[in-house]
1. Determine the distance separating the Cα centre of region 335-403 from the Cα centre of region 48-86; give it in Å without decimals.
2. How about K565: which lysines have a C-alpha closer than 26 Å to its C-alpha, ignoring those fewer than 8 places off in the same chain?
3. Dipole magnitude of region 595-794 about its Cα centre, charges +1 at Lys/Arg Cβ and -1 at Asp/Glu Cβ only, in debye to the nearest 20?
4. Which one, G213, L548, L325, is farthest towards the positive end of the dipole of the chain when Lys and Arg carry +1 and Asp and Glu -1 on their Cβ?
5. When the helices in the chain are scored as -39500 (n - 2.57) per DSSP H run of 4 or longer and the sum is shared across all residues, what 222 nm value do you end up with, to the nearest 500 deg cm²/dmol?
6. Candidates [x] 55, 31, 25; [y] 41, 38, 23; [z] 59, 28, 21; which is the computed semi-axes √(5λ) of the Cα gyration tensor in Å?
7. Explain nothing, just the number: relative contact order of region 595-794, from Cα pairs under 8 Å at least 6 residues apart, as a whole percent.
8. Which of the peptides 168-181, 579-592 is most tightly packed, and how do the rest follow, judged by the mean count of other Cβ atoms within 10 Å per residue?
Amino acid sequence: MRDDTSPRRHGRRNQAGDATPGLVTALAALVVVVLVVLVSLRSSDPSPAPLPADAPQEVFSAARAMEHVRALSEEPRPTGSPAHALAREYILSELRKLGLEPEVDEDTVLDGDLWGVEINAVRARNIFVRLPGASGPAAKSLLVMAHYDSVPTGPGAADDASSVAAILESIRAIRAGEALPHDVLILFTDAEEVGLSGAFGFTRHHPWMSEVGLVLNFEARGNHGPVRMFRTSGGNRWLIEQLAAAAPEPVASSVYYEAYKRLPNDTDLTAFLRAGTPGMDFAFIEGFPHYHSALDTADALDPASVQHQGSYLMSLIRAFSAADLSQARGGDDAIFFNPVGGWLVVYPVAWALPLAVVAAVLFLAVLFLGFRRHRLSPASVLAGFGGTLLAALVCAGIAHLLWQQVFALDSDFRWLVPGQTYDLVAYLWGFALLGTGLGWLVCRLLTRRGGEAGFTAGAALVWLVATAATSVLVPGVSYVFLWPTVFALAGLAWLVSRDESAASGWIGLVVASLAALPVLLLLPPLLAALFEGLGVSVAAVMGILVALGLALTTPLWSLAARRFKLLPPVALLLAGLGILGWAAMTATAGTAEDPRTDSLLYGLDAQNGEAWWFSYGHADAWTEGYLGEDPQRMPLDGFEPWPPRRGFLVGPAPALPLSPPQVELVERSEETDPYRIVVRLRSERGAGAFYLKVETLARIETLTIDGRRWDFGVGGLSANDGGRWLLRYLGATGEPVELTFELDQQQPLELRLVDQTFGLPAIDDTVPARPSGSMANPYGPLTDVTLVSSRAYY
């Protein structure tokens, strides 16, 4: 008879009493970890393969949609620009080709305390159309939405021409197939990039708003990756259940929902949520350097992401056009996530706390079993608890210190938003391998004396505390901690019910693998999404989560650690350091593919005949050609309402013969309570934007803009202290803008008016055009514009 406890089978025991596994078992443990992590990362992007242009007419084709993207994104199309008008006409033409009757709603939308001004006014031109269903309109209708404007610094192929194109292609495919049960409303909003003005205008003023029962908004913040449903209205359980049932490959997480509620970011859906209308937001987010930049071109856009947009649109339009949308209001929230691929798990948020209690009971049961069989002790569990926290602290601290070092070395970080870089994937793998190696090393050293079972139990206690805390505070995040804890406790229960040697065999490998499955499936995609969303600056958070994951999966990686000692963690640690060093030392900013960012503006004070070049951020060789060798940093707040904190780099410029903006007196009242004065703003240069600053000893009680009245409330607005700018007006397209002031008394009125056109003025050939290794800075207040100021007195 063979002795199952012989050293030949299990090897010698270490100081903690744990047997050394065989070579095959140890290698198999490593293979399991690598394969499951790779599967989780690969399946986290279930975007379907893009279909060609000759795909059947009743299906969505990314190739056909990309034709729309190219047509819309030949150049930037900011609100009020000629390219913006061309994009609007293109959309109208395509809708008419499909046999629909689109309309344009032109509306001036006012918002206060935005962009550094008292009033942000936008003349928005929304496009709306009804997609008819077989039974006409339902009691409440679905509205599908995307914005067709872009920022001035990029052609906006992804943001948001891709969504506009996907909607146009979806409409075509739906019209080629079976009729929808009920009408669907389509809205292409204007002026999203300058304050969500088109969406707010629709919710406040458009008669169709009373019909809307649910909104699906499509966005982009990169150039590739899966389309994620990242935001919903409150009480979202019914919506998520419909999403899971209808969409072929949904990617969604209640972590995104919880995070977005706490972030300052907004989309057009914000306007509808504030109006009490339920909805969902969709976007792909990978490839941040393309966001709002000159890199956001049709050639750089991944057609697979467009195809994924189409899969959502085709399925959800049909599903929600047949549904009773009254169910989207009220109800409770859901917890939802993708364990693997497009499989979406959904359960009520009310289950979070009871499930946490179940996990706590399971933990107590495992403790009881472990204490009874002398596999656990209070000291070993507490040591594991403290050791897990120590490992997380060490990993976070070292990751943060290394982040500070690579930030100083990698010049990419100077030219992009802090934390973002062209080499983000390299940093992701570098910090992931570093954290894994460092966490493994720390955890292994801490388990050598107290034993793996006790260390795992202590780690489970840390995860249980996190489960309880998130279940109460942020229940949408609780699944990240709950299911790894439950599986780990189930595996630990088997471990402590057996002799030490059992963990080193094949059965022990299977049990440890199953116990680690939620950690290996849930954490890698979450960490990758965290990096894509927030950049390298979250390296410390990655360090914490990696360390916690390693501590909880101790029984699995220990199979390799007991055989190979410290070789795997040291190899991982060195690989991570090598990747980080390589990424930091080989920064690519400054090439045509990975350009640096710079900014340049021209400002002319037509009254004084003085002009300046000004720039914010870092100067480079190109901007120095305009600013001179020794530009001065100063506020220069006479042209823009939101100058950068450190002021502009300013250099003298030639005073060009540019026509200044005009203020025309239309009417002046004889009454003094209130004193009423009407003026008309004009731009001889066809400017699309005005900035207005007012100086008067009177108090401004109201200001009416294009017929929209803004009341400054009791006491009015003081405008005699040289404070904030009064008005930013966008979307003028060269047309006059009429303003009516009501003042509490008759006093002299000084108006400082600036008009803005896109593009820099042509001077001569002495200063070269922007080189291919740089691009207009998409992350600052404004660039590549010409500003001309004038004054008027009444």
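1. 47
2. Partners within reach: none.
3. Dipole magnitude for region 595-794 comes out near 400 debye.
4. Of the options given, the answer is L548.
5. Computed ellipticity for the chain at 222 nm equals -13500 deg cm²/dmol.
6. Among [x] 55, 31, 25; [y] 41, 38, 23; [z] 59, 28, 21, the one calculated here is [x].
7. Reported relative contact order: 29 percent.
8. 168-181, 579-592
Values quoted throughout were computed directly from the atomic coordinates according to the rules given, and no laboratory measurement underlies them. None of these values were measured; they are calculated from a predicted model. A quick note on method: Cβ atoms are made from the backbone with ideal geometry, for glycine too, and the neighbour counts reach across all protein chains shown.
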